[in-house]
Amino acid sequence: MEQQLTGYAQISPETTEADFLSGRTGFALGFDSTNQTMVELWSEGFQLQGQLEAVDDLGRYCQAREQLAAYMQEKILQEYVRYGGAQALCGWYDRAMTERRTLLIDLGARAAAVKYGKLKKPGCGYVAMDRFLMDPNHTVVEEAHKADPSAAAAAPATFGSLHVNPAAVDHVCAITGEASIVTVKFVLDYWEEMELVLGEELPELLKGWQRFRLPVKHRSKARYDAVGMVGTPIEHCVQAKYQDQRAASEAAGLNLAQEAQYLSFFDPNISIGFSEKGLQKIWKKLGIHTS
């Protein structure tokens, strides 16, 4: 079905399920976003049920998208339970981060070198990563918080969402285990940034992840696309929905108590502490002159 991309196009009587799966249809009807990544991942097999009774095309589109959203949410829940829930998904994330540990430390040291004027640009050999490391909104380099030396000694010299006290990275060097002088934090807001930093393709259940998911509203009318709030299972808005639908979620096999336990500790941001000695050691390895 051919539609114009400006204005609010009409939906023909021959509209099919595919038209309601198309981001093009949503844009033509006046929505600025259609959550197309999630649609492409989770809409296979969708079929409209019954007649769409709304009086206009926009209303019928929204009704169809409500059906689509419910269909996608059910498929995601089934796959999430099959995968092992938050325990398995958070475990995958930490495994991926641990396998990339050495490179993440190197990237953090390059970002610190730019901060302190040792490098003009990170020079990691990958343009997208260089841009990420030079973006102050995504790579935050700041002085580490002062802490009780005994706390630093007791904390593990590692970083990872499930492996350390959240405050430990503020004062423990990932290289030496000594108190750190600077912390480099990789702030991730979207799933593409996860893939960039982790250096591998995400599990299907993490694709489409957003830190803050907002409703998809029509540009001028008081209408919403229900598909806009279909998200990955580790997002707070999705977990809230599981909690609200507790009986149905648990009947599907989701352990909500375990979900809450794991996700309360899970933070996709990556923080790396460096002591003076640790930085010097990594800079020397990377050939960064410190004089």
| request: Give the residues of segment 170-216 that are charged (D, E, K, R) and not in a strand (DSSP E or B), sorted by residue number. | output: Asp170, Glu178, Asp189, Glu192, Glu193, Glu195, Glu200, Glu201, Glu204, Lys207, Arg211, Arg213
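Which residues, taken from segment 168-199, are among the acidic types (Asp, Glu) and more than 25 Å from the chain's Cα centre (by Cα)?
Answer for segment 168-199, where residues must be among the acidic types (Asp, Glu) and more than 25 Å from the chain's Cα centre (by Cα): just Glu178.
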| field | Test: Gly278 is modelled with pLDDT of 90 or more and outside the structural domain of Ala144 (by TED's automatic domain parsing) | value | no
| said: Going by what's in this entry, would Ala64 be described as in contact with a helix residue (DSSP H, G or I) (Cβ under 8 Å, 6 or more places away or on another chain), surrounded by 15 or more Cβ atoms within 10 Å (Cβ to Cβ) and at pLDDT below 95? | reply: yes
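The values are calculated or read from the model by the stated rules, or taken from the named source; none is laboratory data. Since this is a predicted model, take the numbers as computed values, not measurements. Neighbour counts run over all protein chains shown; Cβ positions are idealised from the backbone, glycine included.
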